[in-house]
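The values are calculated or read from the model by the stated rules, or taken from the named source; none is laboratory data. Everything quoted here is computed from the prediction, not taken from an experiment. Cβ coordinates were reconstructed from backbone atoms using ideal geometry, including for glycine residues, and neighbour counts include every protein chain displayed. When the accessible area is computed, the model is the full protein with side chains, heavy atoms only, and any ligands, DNA or RNA have been set aside. Shrake-Rupley method; radii C 1.70, N 1.55, O 1.52, S 1.80 Å.
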Amino acid sequence: MSTELRSGQVAEAAGVNIQTLRYYERRGLLAEPERSNGGHRLYSEDAVTALRVIKAAQRLGFTLEEVAELLEAGRHRHGRPVAGLRDRAAAKLAEVDAKIADLTTIRTTLAAAVEAGCDDLTVCASSMCCPIPFTGLAEENLSDRVKPSA
């Protein structure tokens, strides 16, 4: 017989709060637990493992919707390997690499602005020696929002 844990015990063991535990149940990330005769939720040790998996996946950048899809794919694999995790991890890695590239550009530009002594945004924007590419940033932002019609 497996150990039956109450909500607080599961939450504490997994490092989450009870509201998170219940939210994951409502979202279908955790199976609805058995109930005691007194109506208390009773979980197995598997619930702690599932919560730790969910939190680890979130720390790796997966949304709860993506975690739910990965968990669902794992439930229906019937002993066969599921390519979902590998494919999704590769896509998430590409997202992270793109964010790192963007943040590196932002960091380099901000460091140059600090080094140049930029103190006033308006004055800096009109100065030829300002390292912040105001025109380029404005055009990039505009092109992201406005798509040319075909």
Filtering the stretch 18-39 for residues that are surrounded by 13 or more Cβ atoms within 10 Å (Cβ to Cβ) and part of a loop (DSSP other than H, G, I, E, B) leaves a count of 4
Being within 30 Å of I100 (Cβ to Cβ), exposed (fewer than 14 other Cβ atoms within 10 Å of the Cβ) and either at pLDDT 90 or above or in contact with a strand residue (DSSP E or B) (Cβ under 9 Å, 6 or more places away or on another chain) (or both): is that true of R59 here? yes
Whichever residue in the stretch 126-150 is at pLDDT 75 or above and small (G, A, S) and, among such residues, is surrounded by the most Cβ atoms within 10 Å (Cβ to Cβ): S127
Just one of (1) in contact with a helix residue (DSSP H, G or I) (Cβ under 9 Å, 6 or more places away or on another chain); (2) at pLDDT below 85; (3) open to solvent by 60 Å² or more (accessible area, probe 1.4 Å) trips up R88, so point out which. (2)
Tell me the residue from V16, V10, V48 that is over 22 Å from the mean Cα position of the chain (by Cα) and not polar (S, T, N, Q), please. V10
Boolean, E95 is at pLDDT below 90, out of contact with any helix residue (DSSP H, G or I) (no Cβ under 8 Å at 6 or more places or on another chain) and assigned to a helix (DSSP H, G or I): no
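Every residue, every condition in (1) in contact with a Lys or Arg (Cβ under 8 Å, 6 or more places away or on another chain); (2) without any contact (Cβ under 8 Å) to a residue 24 or more places away in the chain; (3) of a type outside the set (S, T, Y), yes or no:
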| position | (1), (2), (3) |
| --- | --- |
| T3 | no, no, no |
| A14 | yes, no, yes |
| R41 | yes, no, yes |
| E45 | no, no, yes |
| V53 | no, yes, yes |
On the given criteria, is T109 of a type in the set (S, T, Y), open to solvent by less than 60 Å² (accessible area, probe 1.4 Å) and modelled with pLDDT of 80 or more? yes
